[in-house]
Amino acid sequence: MFRRTFWFTAGAAAGVWATTKVNRKLKQLTPESLAAQAADKAVEAGHRLKDFALDVRAGMLQRETELGEALGLDGPPVENDHDRELPAPRRRAALDHTARPTTTYSIPTISYNRNEDH
């Protein structure tokens, strides 16, 4: 008699447990739940991407500082574009369009008639 009662109770408990598990899984698979899960994952991925971008930016600034120190370029920051111009002698030489090259090159003329291809 006690055996039957034990197995009946064990079966009923297993049935309740299985039903609860199945209902929970079905609620997770509803369209609303799936949409919420997808939105949560997208937000999480966005946060990870933002953290990655911030890490990359910090690494770039650190590396730029290291290179500036190695090259001796740790002067004051440039405030306007006028300070970035080339010195006057270099600019004149680079922009002087009146000077002509002393060497001349001749390019052979090749006539091309499309009708000859056919």
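The values are calculated or read from the model by the stated rules, or taken from the named source; none is laboratory data. These figures come from a predicted structure and were not determined experimentally. Every residue, glycine as well, gets a Cβ built from its backbone with ideal geometry; the counts of neighbours run over all protein chains shown. Keep in mind that these areas ignore ligands, DNA and RNA; they rest on the heavy atoms of the full protein, side chains included. Shrake-Rupley method; radii C 1.70, N 1.55, O 1.52, S 1.80 Å.
Things worth noting here:
- Fraction of C-alpha pairs exceeding 14 angstrom in the stretch 1-67: 77 percent, rounded to a whole number.
- Within the assembled protein chains, the solvent-accessible surface assigned to Thr65 is about 80 Å², based on a 1.4 Å probe.
- Potential lengthening of the chain between Glu69 and Arg48 amounts to 4.4 nm, from the contour at 0.36 nm per residue minus the alpha-carbon distance.
- Listed residues Gln28, Gln62, Trp17: farthest to the positive end of the dipole of the stretch 1-69 (Cβ charges): Trp17
- Solvent accessible area, Å² - Val16, 1.4 Å probe, full protein context: 100 Å²
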